[in-house]
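**Q** Before I ask anything, here is the structure I am working with.
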Amino acid sequence: MEYNHKTVEAKWQKHWYENKRFSVTEDKSKKKYYSLVEFPYPSGAGMHVGHIRAYASLEIVSRKRRMEGYNVLFPIGFDAFGLPTENYAIKNNIHPRQVTDQNIKTFTNQLQRTGFSFDFDRVVDTTDEKYYRWTQWIFVQLFNKGLAFRDTTYVNYCPSCKVVLSNEDSQGGKCDRCETPVVQKEKDVWFLKITDYAERLLQGLKELDTLPRIRIEQENWIGKSTGAHVDFKVKDTDESLMVYTTRPDTLYGATFMVIAPEHKLLVKYHDRIKNMKDIHDYQDAAKLKTEFERVELQKDKTGVKIDGLVAINPVTNKEIPIFVADYVMIGYGTGAIMAVPGHDSRDYEFATKFGCDIVEVIKGGDIEKEAYTDTAEGELVNSDILNGLSVKEAKVTIAEYLEAQGIGKKATNYKMKDWAFNRQRYWGEPIPIVHCDKCGMVALDEKDLPLVLPEMEDFEPGEDGQSPLANVPEFVNTTCPTCGGPAKRETDTMPQWAGSSWYFLRYCDPHNNEELASLENLKYWMQVDWYNGGMEHVTRHVIYSRFWHQFLFDIGAVPTEEPYKKRTAQGMILGEDGDKMSKSKGNVVNPLEIIEEFGADTLRVFTLFIGDYEQSTPWNPSGVKGAKRFLDKLARLAEKVSDKPNDEYQTTLHKTIKAVDEDIENVKFNTAIAKLMSLVNELSKATHIFKEDYEKVLKLVNPFAPHITEELWESLGHTEDMVFASWPKYDPTKLVESTIEIVVSINGKVRDKISINIDMSKEEVLTLAKSTEKIQAQIAGKEIRKEIYVPKKLVNIVV
RNA sequence: GCCAGUAUGGCGGAAUUGGUAGACGCGUUGGAUUCAAAAUCCAAUGGCUUUACGGUCGUGCCGGUUCGACUCCGGCUACUGGUACCA
C-alpha cells in the first residue's frame, strides 16, 4: 500500500499548528533544551533545499529531545532588514515593509509545509519596531559605556550600492552583494569597540563545544599575537618611534624602519622632512588604492625614504633610515615596524629594492639569496648579548634587557578591528542618536524608543553616501534630549549584523514590552544548548553576537557570559552541477516542488541522507525516490503487524536503536537513515512484526519523517500523537549474538569465513579455522609461522 | 603565502583504540507481475581474468611500520573553504 503524502501531511500539519503542539512555556518542573538555528533572511526567492537541510538537523534533535522528556525551545524568526529587499522595493516601487511581510508569509508557509516543529508563537522579525526598539536600546547602552563611537576613516565604499562597507563586506575588493569594485572614501562612521572584548572573546572559545576547525577560524579572526613594543629614538629629536614586533630577538638585525603613510610622525615633523612633497604624493597615491589593489600589488613594494629623519637602533646604536610604505598598515600595531630584512620576506624584498643593509641574526639560511624565515627555532648570531642563544632563550633575554633599559616592554596585539557599524540606507534600524551643537552626541532616552523609521515614498540613497533618511526634514530636525535646543538626528542606520546579534535572547521572551527579555525567562532558557548554522557565519555573526552577549552580561541584562554551549555547521547542498546554488546559474532546487511530488517526509529524509551533514554535497534529483521508497516500505510493514512477539530480528532492532541514537547526537544523520533502511529491509523479510517492535521503529523514524509515522501510529490505535511519545531504549542483552561469522585469512588475505560460537576459546577457533577445506588447501605443505586470533573479528595464519 | 578540510565503484557516500573495503541509496542489467506501462517484488552489479571453482589488482601519488594499513608515520599532488603585506 502506498500512502497519499498530500492528505497525510496536510492532516498532521493542521493538527500540529492549530493545536500549537510545539509552543512552549517556561515549565520549571521540566528540564529545558534550547535548540537554535540561524534565522533566515526572507528573500523574495523563497527557501531552497539548503535552508531545509540547515534546519533539519536540529529539527531531528528537537523532536528527539521532546520524546526524551525535555521542554524544548525550538524557535524561528526573520532577519529581515537588508539591501535586497530595499533594492527590490525601489525597483518595483513598493514599500519594503510590504515586501518583507510578503516574503515572511512565503517562508512561513514553506516551513510549515515541511512540517518543522518550530514554535510559531515566538517568531521574531528584526524589522518589527517592537523588536528593533531593543536593538536600539542595546546600542544606547553601548554608546553610554563608550563602546559606540564615531571616527573619520577611509572606508570601503560601493559606488553602485552607494553604501559604506565594512572590511568583511568587501572581501577581495568587491562589494559582497553586487560585486562592484570598492573604492576608498573618507567618511565619519560609527564603530563598536569590539576590540575591548578581544581577549574575552578568545578565552570564551575554550568553553564552546565545537569542531576544531570552527574554533580555529574564530581564533584566527581574533588573531592574537604576543611580542614587544620597542622604542627607537629619532636622531636629534625628543621623539621615539614605537614599533610592535613579535620577534624582539631579531632586534640586532633591524636595519631600517617603515611607517604607514598615515603615521602621525609625518605630520609632526613635516617641516624637518626635506622631501615632504614626495611623501605627500605617495600618501595621495596610497589613498587611491583600494584594499584590492593593495593586495594585488603586494609583490611590488613601493615606498619613500624620509629625508631629514633618522632613527637609532637601540641595541646596535647604529643610525637606520626611516621609510614610508603602504605595506605597513596604520590600523595594526603601532603603524610602524622595525624591518628585519634578513628574516622577513617583505622586509627583504623592500631592502633589496631600496638598497638597505641585510644582516643575518639567526643561523641556518642563506640571506644572500632570500630571507631566512624558518626561524621558530635556531641560534642567534651577530647579536652581541644574544649570540649563541636559542631563539627561545633570546626572546627572554632581550625582553628583560629592554625592560631594564626602559626602551621596550612585552605587548599583545589582535588582528581583529573595531566593528564598522553603519549603513547609509533606509531599510535598517535608525541609530538613536541626536547631534546637538551644544551637547554633542546624545543618545535618546529609553522612553523615546523605538525611534521609528519614517514613512517614505522614495528610498533612493542620497548622493555622496548619504542615507535616504537625510532627505526627510521631519525626521532629521528634532530637539536635544539633554538641553531641549534644536538638534539633528543621526541618519545612518545599523548594519544587518545588528538584529541578528541578540535574536536568540528575544525568543526567550518574545512579547515583552518592558525589557528585551525578562531575566527570569533568560535564566530558564539560556544558554543555547545547541546552535547550528553556516560555516560562513562562524567568524562574523558568531563573534559579533558573542560580543553583544558578553556586554549584556556585563550590564546585568543576561545571566550567562557566553550565549552558546555547542556550535555545529552544516555543509552546503550544491546544485546538480556541483556549483553553488544560485538564481543566476539556474540550479536552485525549490523544496515545494519536491514536497508536491514526493512529500515533505521524503524531502526531510533525503536532505539528510544525501551525504555527511558537515560536508558539502551536490543535489541528486534521482536519489529522492530512494527516500520515498524507504517510507513506502515502512508504511507497508503495517500489514505484517501482529500481537505475537518475534525473535527473528531482535538483534538488528536493538542495534539500530543504539546506533540511531548515537548517530543523531554525533550529527551523522546519513548513517542513521542508512541503518533505519537496513532495519526496514530486514523487517520486510520477517514472517510478522510484533506490534511493540513496530512502534519502536516508528518512534525512531518519527523525527525524520513525522507525518507518515504519526499516521501509522494512529492507525495502530493510538489517540495521543507521537510528539511526546517516549524515545525507545535498546536492551543491551539483545545486542549480543551467540553465533557469529569471522574471517580466516592467510598472510592477511581473506580465504574463508567460519561460523563460531561466541564463547569458543582461542584454541578451539584456531583448530576450527585450520580444518576447513579452503584453508587446508592453502596451508598444505607450508610451515605455519604465526597464528593470530582477534576475538570476534578474525583469524590470521602466517605461512 | 598561511590556516583548515577533502580525495574511496558509473554517481552520492559507508567503514578509522589498524582487523571481511565499498554499508545504505541512486543508476545499470536480468527476472517476476501486467494486455502493456507505471509502481512493486526478486537477483546481480569495483576492474581484469576464468565455462566455473578460483586467481589477481584495487581507497589521489611515492615510500615506510605491521601478521594485517582507507585507517598509523615520512614525503608529495590536486581540489574546496577561510584568511592575507598583521610586523
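The values are calculated or read from the model by the stated rules, or taken from the named source; none is laboratory data. Everything numeric in this text was worked out from a predicted model, so none of it was measured. Glycine gets a Cβ as well: all are built from the backbone with ideal geometry, and neighbour counts include every protein chain shown. Ligands, DNA and RNA are stripped out before the accessible areas are found, and what is left, the full protein with its side chains, is counted by its heavy atoms. Shrake-Rupley method; radii C 1.70, N 1.55, O 1.52, S 1.80 Å.
**Q** Taking every eigenvalue of the Cα gyration tensor of the stretch A:523-578, multiplying by 5 and rooting it, what semi-axes result, largest first, whole Å?
**A** With the √(5λ) rule applied to the stretch A:523-578, the semi-axes are 29, 12, 6 Å.
**Q** Between the stretch A:571-595 and the stretch A:91-123, what is the separation of their alpha carbon centroids in Å?
**A** Centre-to-centre (Cα) distance: 20 Å.
**Q** Let me ask something additional. Compute the semi-axes of the equivalent ellipsoid of chain A, taking the square root of 5 times each eigenvalue of the Cα gyration tensor, and list them largest first in whole Å.
**A** Numbers: eigenvalues 660, 350, 102 Å².
For chain A, the ellipsoid semi-axes come out as 57, 42, 23 Å.
**Q** Moving on to the next point. Using a 7 Å offset from the Cα along the Cα-to-Cβ direction at both A:A285 and A:N666, what is the distance between the two label points in nm, to one decimal?
**A** Inter-label distance under the simple model: 5.9 nm.
**Q** Give me the distance between the Cα centres of the stretch A:341-385 and the stretch A:605-623, rounded to whole Å.
**A** Rounded to whole Å, the Cα centres lie 51 Å apart.
**Q** Let me ask another. Out of residues 5 or more away from A:K753 or on other chains, whose amide H comes under 5 Å of its own, with H placed 1.01 Å from N in the peptide plane?
**A** The list, which skips near neighbours in sequence, is A:V744.
**Q** Per residue, what accessible area does the stretch A:317-456 have, given a 1.4 Å probe and all protein chains present, in Å²? Display every interim value, and only then the final one.
**A** Details: 6940 Å² over 140 residues.
Result: 50 Å² of accessible area for each residue.
**Q** Taking a spot 7 Å from the Cα of A:E319 along the direction of its beta carbon, which residues of the stretch A:249-287 have an amide N less than 15 Å from it?
**A** A:256-257, A:273-274
**Q** Counting only residues 5 or more places away or on other chains, whose amide H sits under 5 Å from the amide H of A:I320 once H atoms are built in the peptide plane?
**A** For A:I320, whose amide H was placed from the backbone, the distant partners under 5 Å are A:A311, A:I312, A:N313.
**Q** Considering only protein heavy atoms and a 1.4 Å probe, what is the carbon-and-sulfur percentage of the accessible area of chain A?
**A** Working: 17300 of 35720 Å².
Carbon and sulfur atoms account for 48 percent of the accessible area of chain A.
**Q** Can you list residues from other chains, or at least 5 along the same chain, whose modelled amide H is less than 5 Å from the amide H of A:E38?
**A** So A:E38 has HN proximity to A:N532.
**Q** Once both axes come from the Cα atoms, what is the angle between helix A:650-665 and the longest principal axis of chain A, in degrees from 0 to 90, rounded to 10?
**A** 10
**Q** Report the FRET efficiency, 1/(1 + (r/R0)^6), for A:S23 and A:K633, where r is their Cβ-Cβ distance and R0 is 35 Å, rounded to 0.05. Could the numbers behind the result be given before it?
**A** Working: r = 34 Å, r/R0 = 0.96.
After rounding to 0.05, the efficiency reads 0.55.
**Q** Continuing with this model, one more query. Leaving out same-chain residues fewer than 8 places away, which lysines sit with a Cα under 16 Å from that of A:K369?
**A** A:K353
**Q** On to the next question. Could you give the length gained by full extension between A:C439 and A:R213, i.e. 0.36 nm per residue of separation minus their alpha carbon distance, to one decimal place? Could the numbers behind the result be given before it?
**A** Numbers: separation 226, 0.36 × 226 = 81.36 nm, distance 4.80 nm.
That pair, A:C439 and A:R213, stretches by 76.6 nm at full extension.
**Q** Name all residues of the stretch A:220-235 having a backbone nitrogen under 19 Å from the label point set 7 Å from the Cα of A:D554 along its Cα→Cβ direction, giving them as ranges.
**A** Of the residues in the stretch A:220-235, A:222-224 have backbone N under 19 Å from the label point off A:D554.
**Q** Starting from the 7 Å offset along Cα-to-Cβ, what nm value, one decimal, do you get for the label separation of A:D121 and A:K363?
**A** Each label point lies 7 Å from its Cα, and together they span 7.6 nm.
**Q** Per residue of the stretch A:735-744, in order, report the coupling 6.51 cos²θ - 1.76 cosθ + 1.60 (Karplus, θ = phi - 60°) as ³J(HN,Hα) in whole Hz, putting x for Gly and Pro.
**A** 7, 8, 9, 7, 10, 10, 9, 10, 9, 10
**Q** While we're here: Roughly what angle does helix A:624-636 make with the longest principal axis of chain A, taking Cα atoms, 0 to 90 degrees, to the nearest 10?
**A** Its long axis makes an angle of about 40 degrees.
**Q** Could you run the Karplus curve 6.51 cos²θ - 1.76 cosθ + 1.60 with θ = phi - 60° over the stretch A:719-732 and give me ³J(HN,Hα) per residue in whole Hz, x for Gly and Pro?
**A** These are the phi-based 3J(HN,Hα) values: 9, 8, 6, 6, 3, 10, 5, 7, 5, x, 10, 8, 9, x Hz.
**Q** Find how many whole Å separate the alpha carbon centroid of the stretch A:535-557 from the alpha carbon centroid of the stretch A:499-523.
**A** 15
**Q** Taking θ as phi - 60°, what are the ³J(HN,Hα) couplings along the stretch A:476-483 by the Karplus curve (6.51, -1.76, 1.60), each to the nearest whole Hz, with x for Gly and Pro?
**A** 5, 7, 8, 10, 6, x, 8, 9
**Q** I've got another one for you. Per the Cauchy relation, a quarter of the hull surface: what is the mean projected area of the convex hull of the alpha carbons in the stretch A:305-389, in nm²?
**A** On the way: hull surface 25.1 nm².
Result: a mean projected hull area of 6.3 nm².
**Q** Separation between the A:Q102 and A:T687 pseudo-spin-labels, each 7 Å from Cα along Cα→Cβ, expressed in nm?
**A** It works out to 6.4 nm between the two label points.
**Q** Applying 1/(1 + (r/R0)^6) with R0 = 30 Å to the Cβ-Cβ distance of A:R785 and A:E614, what FRET efficiency is obtained, to the nearest 0.05?
**A** Working: r = 45 Å, r/R0 = 1.50.
For A:R785 and A:E614, the calculated efficiency is 0.10.
**Q** How much length would be gained if the chain were fully extended between A:V798 and A:E561, taking 0.36 nm per residue of separation minus their Cα-Cα distance, in nm to one decimal?
**A** On the way: separation 237, 0.36 × 237 = 85.32 nm, distance 6.04 nm.
Contour length minus the Cα-Cα distance gives 79.3 nm.
**Q** How far, in nm, would the chain grow between A:K523 and A:K264 when pulled straight, counting 0.36 nm per residue and subtracting the alpha carbon separation?
**A** Values: separation 259, 0.36 × 259 = 93.24 nm, distance 4.90 nm.
Taking A:K523 through A:K264 to full extension adds about 88.3 nm, to one decimal.
**Q** Over the stretch A:739-798, one equal point on each Cα, no solvent: what is log10 I(q)/I(0) by the Debye formula at q = 0.21 Å⁻¹?
**A** Those come out to -0.72, one per q.
**Q** How long are the semi-axes of the equivalent ellipsoid of the stretch A:622-732, defined as square roots of 5 times the Cα gyration tensor eigenvalues? Whole Å, largest first. Don't jump to the answer; show the numbers that get you there.
**A** Numbers: eigenvalues 71, 53, 49 Å².
In descending order, the three semi-axes are 19, 16, 16 Å.
**Q** What is the angle, in °, between the Cα long axis of helix A:669-683 and the longest principal axis of the Cα atoms in chain A? Nearest 10 is fine, range 0 to 90.
**A** 10
**Q** Give the accessible surface of the stretch A:622-732 per residue, rounded to a whole number of Å², with probe radius 1.4 Å and ligands, DNA and RNA excluded. Working shown, then result.
**A** Values: 4570 Å² over 111 residues.
In whole numbers, the stretch A:622-732 has 41 Å² accessible per residue.
**Q** A:F724 label point, 7 Å along Cα→Cβ, cut-off 20 Å on backbone N: hits in the stretch A:6-21?
**A** Correct set: A:12-21.
**Q** With every protein chain kept in place and ligands, DNA and RNA left out, what is the accessible area per residue of the stretch A:739-798? Probe 1.4 Å, answer in Å².
**A** It amounts to 66 Å² per residue over the stretch A:739-798.
**Q** As a test, work out the antiparallel percent of DSSP beta bridges whose residues both lie in chain A, rounded to the nearest 5.
**A** Details: 67 of 93 bridges.
Antiparallel bridges make up about 70 percent of those DSSP assigns within chain A.
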